[in-house]
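Everything on this sheet refers to the single structure shown next.
The values are calculated or read from the model by the stated rules, or taken from the named source; none is laboratory data. Just so you know, these numbers come straight off a predicted model, no measurement behind them. Every residue, glycine as well, gets a Cβ built from its backbone with ideal geometry; the counts of neighbours run over all protein chains shown. Only protein heavy atoms, including side chains, enter the accessible area calculation; ligands, DNA and RNA are left aside. Shrake-Rupley method; radii C 1.70, N 1.55, O 1.52, S 1.80 Å.
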Amino acid sequence: MTVPVLLFASYADAFGTRRLDVPVSAPCAVTDLVAAIRGLPGGDRLPPRPLVAVNHAFVDYAQLIQSQDEVALIPPVAGG
């Protein structure tokens, strides 16, 4: 399956896009998806465990992803 992943701020800059379509095997856990993203150009700029949201909620890395889910990588933010 292909999972669309939304990217913001520094992550969008690292990959040169605001959305990635990541091919993964089904079923796919968040940990598998992040590993696949790390293999893409720019993936080396991700922190060890980036914050991931599925369908607008933060999730654990064991969470399974379905093809219709909306996935987003949330970069670190600073206040000020």
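Against the empirical 2.2 N^0.38 Å scaling, what ratio does the C-alpha Rg of the chain come to?
Cα Rg divided by the expected 2.2 N^0.38 Å: 1.01.
Amide H of ALA29: which non-local residues (sequence gap of 5 or more, or other chain) have their own amide H closer than 5 Å, using H built in the peptide plane?
For ALA29, the qualifying residues are ILE65.
Ordering SER25, SER10 by how much accessible area each has at a 1.4 Å probe, largest first, what is the list?
SER25, SER10
What size of dipole, in debye to the nearest 20, comes out for the chain about its Cα centre when the only charges are +1 on Lys and Arg C-beta atoms and -1 on Asp and Glu C-beta atoms?
Dipole magnitude for the chain comes out near 160 debye.
Work out the FRET efficiency for ALA62 and ALA9 from their Cβ-Cβ distance, taking R0 = 30 Å, and round it to the nearest 0.05. Present the calculation step by step, with values, prior to reporting the outcome.
On the way: r = 26 Å, r/R0 = 0.86.
Working from the Cβ atoms, E equals 0.70.
How many nm is it between the label spots at MET1 and GLU70, if each spot is 7 Å from the Cα in line with the beta carbon?
Label at MET1, label at GLU70, 1.7 nm between them.
Which percent of the accessible heavy-atom area of the chain goes to carbon and sulfur, probe 1.4 angstrom?
55
For the chain, what does the accessible surface come to per residue with a 1.4 Å probe? Please give it in Å².
About 58 Å² of surface per residue is accessible.
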